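Comments concern the structure below.
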Amino acid sequence: MVFRAIKFVAEAHQGQYRKGTNIPYISHLMNVMKILCETGCDKEIITAGILHDVVEDTSVTIDQVERIFGKRVAFMVAGASEPEHMRGGHYETTSWRLRKQHTIEFVSRKAMVEQLLVSCADKLDNAEAIRQDYLLKGDKLWERFNAPKADQQWY
């Protein structure tokens, strides 16, 4: 299941890079996978970690994830994804702050432990990438994001 998920996201995220870098996006997904593996998570949680952005950032639907990887994996991926009405592919239909506020509300009030594991591994890798880039680029780093430094710090 884990290796099928790696192959699946490699194809789905083909041509995507980490924001403002030349680093293939799949590196983030592999980092999330590594964190979940090192934490001792089961294969379905690890699979959900690999797939956590596929619905939000590609044309893959949550129904496809469920059909291929099962209900539990789809449940975790849905928990890590912004609701469909708040996103519009590459053209976000809801403001960045409202979408992030939704995420905060979800993880603090509604998420199940397995969804929190996926979300925390995602946020941990994102924070580490920002830390490393900040050491290299300083405040220029914030220019690559949709929201300014102050909003990123709030989140």
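The values are calculated or read from the model by the stated rules, or taken from the named source; none is laboratory data. Note that the coordinates shown come from a computational prediction; the quantities given were computed from them, not determined experimentally. Positions of Cβ are backbone-derived with ideal geometry, glycine not excepted, and every protein chain shown enters the neighbour counts.
For residues in the stretch 127-141 being surrounded by 12 or more Cβ atoms within 10 Å (Cβ to Cβ), out of contact with any Leu (no Cβ under 6 Å at 6 or more places or on another chain) and closer than 22 Å to L29 by Cα, which is modelled with the lowest pLDDT?
In the first step, residues of the stretch 127-141 are kept if they are surrounded by 12 or more Cβ atoms within 10 Å (Cβ to Cβ); the result is 128-130, 133-134, 137, 141.
Still in the running and out of contact with any Leu (no Cβ under 6 Å at 6 or more places or on another chain): 128-130, 137, 141.
Add one more test, that the residue is closer than 22 Å to L29 by Cα, and what stays is 128-130, 141.
Working: E128: 96, A129: 94, I130: 93, L141: 90.
So the residue we want is L141.
Checking V9, V32 one by one, the residue that is within 19 Å of T103 (Cβ to Cβ) and either surrounded by fewer than 21 Cβ atoms within 10 Å (Cβ to Cβ) or not polar (S, T, N, Q) (or both) is V32 and no other.
Within the bounds of the stretch 59-70, is there any residue that is of a type in the set (D, E) and in contact with a helix residue (DSSP H, G or I) (Cβ under 6 Å, 6 or more places away or on another chain)? Quick ask: steps written out before the conclusion?
The initial filter retains those residues of the stretch 59-70 that are of a type in the set (D, E), namely 63, 66.
Then drop every residue that is not in contact with a helix residue (DSSP H, G or I) (Cβ under 6 Å, 6 or more places away or on another chain), which leaves 66.
Yes; the residues of the stretch 59-70 include at least one that is of a type in the set (D, E) and in contact with a helix residue (DSSP H, G or I) (Cβ under 6 Å, 6 or more places away or on another chain).
Looking at K123, K137, which one is within 17 Å of C37 (Cα to Cα) and either free of Cβ contacts under 8 Å to residues at least 24 places away in the same chain or not in a helix (DSSP H, G or I) (or both)? First the steps, then the outcome.
Working: K137 fails: within 17 Å of C37 (Cα to Cα).
Selected residue: K123, the only one of K123, K137 that is within 17 Å of C37 (Cα to Cα) and either free of Cβ contacts under 8 Å to residues at least 24 places away in the same chain or not in a helix (DSSP H, G or I) (or both).
Restricting the search to the stretch 16-34, which residues are within 13 Å of the chain's Cα centre (by Cα) and in a helix (DSSP H, G or I)? Residues satisfying the conditions are I26, S27, H28, L29, M30, N31, V32, M33. If you check V65, V77, V60, V73 for being surrounded by 15 or more Cβ atoms within 10 Å (Cβ to Cβ), at pLDDT 95 or above, aliphatic (A, V, I, L, M) and in a loop (DSSP other than H, G, I, E, B), only one passes: V60.
Which of the residues that make up the stretch 142-155 are charged (D, E, K, R), touching a residue at least 24 places away in the same chain (Cβ under 8 Å) and either surrounded by 12 or more Cβ atoms within 10 Å (Cβ to Cβ) or not in a helix (DSSP H, G or I) (or both)? Give the derivation first.
Quick first cut of the stretch 142-155, residues charged (D, E, K, R) only: 143-144, 149, 151.
Narrowing further to those that are touching a residue at least 24 places away in the same chain (Cβ under 8 Å): 143-144, 151.
Matches in the stretch 142-155: R144, D151.
When T47, T58 are screened for being more than 14 Å from I6 (Cα to Cα), under 13 Å from the mean Cα position of the chain (by Cα) and in contact (Cβ under 8 Å) with a residue 24 or more places away in the chain, only T58 passes.
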